[in-house]
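Student: A single structure is presented below for examination.
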Amino acid sequence: FVLVAHHIAADGQSMGPLARDVMVAYEARTRGSAPSWSPLQVQYADFALWQRDVLGSVDDAGTIAARQLDFWRTALDDLPTDVGLPTDRPRPVVQSAAAGAVQFTVDADVHSRLSDIARAKNATVFMTIHAALAVLISRLGG
C-alpha cells in the first residue's frame with residue numbers, strides 16, 4: 001500500500017486519523033465486511049459550498065476568488081513552459097506516461113538532521129525535503 005499526498009492534504013494532524021481509517025478499513029476488508037464508521041459531521045461538499053459563499057464566483061470581478069485568480073494569472077503569466085533542467089537524454093517527440101523508480105536509503109544520521117531542521121522551523125520532514133528539492137530544481141533550471 002502506497003499513499004502519495006500533498007503535505008497540505010496529509011499534514012501531521014491529518015495522518016493520525018487517516019492511518020486509523022486505513023487500518024479500520026483494512027481490518028474490516030480482511031474479514032470480508034465493510035468498515036463501520038460514522039459519516040463525518042461536515043462533508044467536503046459542505047465545506048466547498050461554504051468556501052464558494054465566502055470567496056464568491058471567479059466570474060464576478062469584485063469577489064475574492066476573482067481577485068486571487070487574477071493575481072496568480074498575472075504572477076505566473078510570463079513563466080516558461082519548460083524549466084530546462086539538465087537531462088541525460090533528449091525529450092521524446094511524443095510524451096509518454098512511462099515512469100520509473102529510484103530506490104535509495106536515508107541513513108539514520110541524515111534523517112536525524114532533517115528532523116532537527118524540520119522541528120526548528122516548525123515544519124514536517126516532508127516539507128523540509130520538498131523545500132530542498134524545490135531549491136535544487138530552481139538552481140538547476142535557473
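All of the numbers you see were taken from the coordinates with simple rules; none came from a lab. Remember, it's a predicted structure, so these values are computed and weren't measured experimentally. Here Cβ is always computed from backbone atoms with ideal geometry, including for glycine, and neighbour counts include all displayed protein chains.
Student: Taking the Cβ of Gly100 as the center, what net charge do the other residues with Cβ under 13 Å away carry, scoring Lys and Arg +1 and Asp and Glu -1? Please report the intermediate quantities before stating the final value.
Tutor: Values: positive: Arg89; negative: Asp88.
Its environment carries a net charge of 0.
Student: Okay, next question. Would you kindly give the portion of the calculated P(r) for the range 1-106 that falls above 16 Å, as a percent of all Cα pairs? Don't skip to the answer; put the middle values down first.
Tutor: Details: 4475 of 5565 pairs.
Of all Cα-Cα distances in the range 1-106, 80 percent exceed 16 Å.
Student: Work through the residues other than Leu140 whose Cβ is under 15 Å from its Cβ and net out their charges, Lys, Arg +1 and Asp, Glu -1.
Tutor: On the way: positive: Arg139; negative: Asp82, Asp88.
So the surrounding residues net to -1.
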